[in-house]
1. Using +1 at the Cβ of each Lys and Arg and -1 at the Cβ of each Asp and Glu in the range 25-107, identify which of Q66, S77, Q28 lies farthest towards the dipole's positive end.
2. Between L35 and A103, what is the FRET efficiency for a Förster distance of 45 Å, r being their Cβ-Cβ separation, to the nearest 0.05?
3. With a 10 Å radius around each residue's Cβ, average the other Cβ atoms per peptide and rank 74-80, 173-179, 35-41, highest first.
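Quick note: the coordinates plus some simple rules give every number you see, no bench work behind them. As the structure is a prediction and not an experimental result, all values here were calculated from the model. Positions of Cβ are generated from backbone atoms using ideal geometry, with glycine treated the same way; all protein chains shown enter the neighbour counts.
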Amino acid sequence: MLVASAAKPSPSGNEVENEDDDVRRNEQGSLRERLRRIAAEEYEFIWRSLRRLGVRPPETDDAAQQVFVILSPKLASVEPGKERSYLFSIVMRVASGYRRRQAKRREVSDEATDSFPVALPSPEVDLDRAFGRAILDDILARMSDERRAAFVLVELEELTLAAAAEILNAPIGTVASRVARAREELRAAIVRLHARGQGV
């Protein structure tokens, strides 16, 4: 004679809610840990990128914090391994907003570089070393956002075209073209500044 086994009782509403709360707490804990790890690994990259995209001290630190504040509520939807690309998209928006606010506070002259009291190098001299940060910032500020971002990643961060293309979510050929055009703009700027320094 078969003995019917006792049916397993269904969990009560409170038990289900408690289980859901545990799941949410675990997920939130995992996200907090992931955010801390990303901040530790990427903060310097974010700070440098903001600086090179036109956010000047002392606002750079605040802007970097803003990037992570924006990231935090969206982190769950960011695919693991794609964090840097997502962060850089935030960096570009934050830097763009900063530059717009700066433009409202001061008028930027087309002849701004004339006032920098530095020796002007020959066109072949490395820009980042010889021009100094102020002049490099001024030249970068005259580029389009797309060219400037590509140049920052490839030339200043020294990423490969493939890595930069992944971060920018753009084809490698497009990134290569932007970098090439940015180099042309920089080379032309060096020649102009050198000519001014020689009184041409």
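1. Farthest along the dipole direction, towards plus: Q66.
2. Numbers: r = 32 Å, r/R0 = 0.71.
Approximately 0.90, to the nearest 0.05.
3. Numbers: 74-80: 10.4, 173-179: 17.7, 35-41: 13.3.
Listed from highest to lowest mean packing, they are 173-179, 35-41, 74-80.
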